[in-house]
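J.: One structure coming up, written as structure tokens, with questions to follow.
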Amino acid sequence: MTRRWGVTAGVILALTTLATSSAQTLGPSVAITIVEPRLQSRWGYAPATQTIAPGTWVTWSNDGQDAHTVTALDGSFDSGNLDPSEGFSWYFEQAGTWQYTCTLHTWMVGTIVVGDQAAPDDTGSASES
């Protein structure tokens, strides 16, 4: 499942989500910020690596001034272009490791590790425990 929102759509989405909530929708959540420090080569995701429990929503928020993406290297999720103040959420149900990048700025990379035993792999794709 994905959720994508903008500044005004976020409130509507939150109300809609609450109205149609399920156990999955109400699971724990984690926030990751897309940041643009002064030097473009240092743009990235904060934090760059996030360890979470299975059944957790991760929400990326574009706090920069340019468009960015959140795109899994294995193709499992893709936010599309996120303009400033837009966000994207993904529900991680299974243990494993997911590496992702911004397709517009390929030096921006991040990793989601789901579960205690998950570790990054060399392929950048999800790995099952």
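J.: Given the structure, is Ser41 within 16 Å of Trp98 (Cβ to Cβ), of a type in the set (Gly, Ala, Ser) and either modelled with pLDDT under 95 or touching a Ser or Thr at 6+ places or on another chain (Cβ under 8 Å) (or both)?
T.: no
J.: Could you list, in sequence order, all residues of segment 75-100 that are surrounded by fewer than 20 Cβ atoms within 10 Å (Cβ to Cβ) and of a type in the set (S, T, N, Q)?
T.: Those that are surrounded by fewer than 20 Cβ atoms within 10 Å (Cβ to Cβ) and of a type in the set (S, T, N, Q): Ser76, Asn81, Ser85, Gln94.
J.: Moving to a separate point now. So, in segment 65-116, how many residues would count as being without any contact (Cβ under 8 Å) to a residue 60 or more places away in the chain and not charged (D, E, K, R)?
T.: Number of matching residues: 24.
The values are calculated or read from the model by the stated rules, or taken from the named source; none is laboratory data. Since this is a predicted model, take the numbers as computed values, not measurements. Every residue, glycine among them, receives a Cβ derived from its backbone with ideal geometry; neighbour counts consider all protein chains shown.
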